[in-house]
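A short worksheet on the structure shown next.
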């Protein structure tokens, strides 16, 4: 407090005490009168004088010159950070400066959903108001993060990220890419022996299919087990999400016999093995399920039709056909 008062006295001498009134309590006067925290943005390279002037324009604060002189005298002016800050209700000048010096900028959520495609992620990043947009095409994105020519699907981790005003889209992509790469490596290191997968990338491909097939955590390893056994037996995976991904923009919400019969690199009804790339952004649970399938004997699954996203699992084609009939009966319109 003594240091604060000494600084105040110096300012009053410099400014001319006779020109001001009420400065014995200046340092207690709030910098804004809002009933909720004030969001205040400091531009990169802004001087203390410009910050004080901005505060005056934004809130009507009556003593910008004194605030600027005080910050200079106390050695605080050079310590303020750039960014958006949340200034508390009835914050004093000293508290205002403390916030700007702290570097604790306002952050906003950016949510990338498990199972989204990379295009959906790109749309979410592009639409975010706080992010500075520097790249637009997929090629530009992959080049900007140092992976030119790499297929982007499945390479970015779905999560809720905290972004700050002015943060670039490249920074977001770099962070999500690095997290996914780390989690894929960690999952692959924990893989069970005898998997029908050649490498960690194939595990990522399988994880993306598992992600699209179910949202039920307790089913992920069961579905992984079905696919692992089918791959071992050289049976086609026959999974609809890969077909839908291959259809692309032509898909209108209902998969048809024509879709199932139209050959694409992603049609697992017409082609054996895994598709060439992931089909979505898988979460951590699906990554682990891909390398840790269950040890049951099911080779088929179909939705229950109960609307909860769950499935019937069957070991034989006869059992599976019966399950399909139960599904049709349950979903048939009266």
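Throughout, read-outs are computed from the coordinates displayed, never taken from laboratory work. Every value quoted in this text rests on a predicted model; they were computed, and no experiment measured them. All Cβ positions, glycine included, derive from the backbone under ideal geometry; neighbour counts span all protein chains shown.
Shape of the stretch 232-327 from the C-alpha gyration tensor: rounded (a/c under 1.5, with a ≥ b ≥ c the square roots of its eigenvalues). Counted residue by residue at 0.36 nm each, then reduced by the alpha carbon distance between them, the extension gain from residue 179 to residue 98 reaches 25.8 nm.
Comparing 251, 173, 157 in a Gaussian network model of the chain (Cα springs below 10 Å), the most mobile by mean-square fluctuation is 251.
By the helix-only formula, in which each DSSP H run with n ≥ 4 contributes -39500 (n - 2.57) and the sum is divided by residues, the chain has a 222 nm mean residue ellipticity of -13500 deg cm²/dmol.
Anyone know which of 240, 98, 254 comes out most mobile in the 10 Å Cα GNM of the chain? With Cα springs under 10 Å in the chain, the top fluctuation among 240, 98, 254 is at 254. Largest GNM mean-square fluctuation across 134, 239, 268, computed for the chain with C-alpha springs under 10 Å, falls on 134. Rounded to 0.05, the FRET efficiency of the residue 255 and residue 322 pair, given R0 = 25 Å and the Cβ-Cβ distance, is 0.70.
Averaging Cα coordinates gives a centre for the stretch 282-328 and one for the stretch 139-216; these two points are 25 Å apart. Stretching residue 35 away from residue 297 to a fully extended chain increases their span by 88.0 nm, per 0.36 nm per residue minus the current alpha-carbon distance. Compute the Cα gyration tensor for the chain, then decide on rounded, prolate or oblate, letting a ≥ b ≥ c be the square roots of its eigenvalues: rounded whenever a/c is under 1.5, prolate when a/b is larger than b/c in the other cases, and oblate in all that remain. The shape class here is prolate.
Under the classification rounded if a/c is under 1.5, otherwise prolate if a/b is larger than b/c and oblate if not, where does the stretch 40-93 fall, given a ≥ b ≥ c as square roots of the Cα gyration tensor eigenvalues? Taking the square roots of the gyration eigenvalues as a ≥ b ≥ c, the stretch 40-93 is rounded. Rounded to 0.05, the FRET efficiency of the residue 43 and residue 137 pair, given R0 = 30 Å and the Cβ-Cβ distance, is 0.55.
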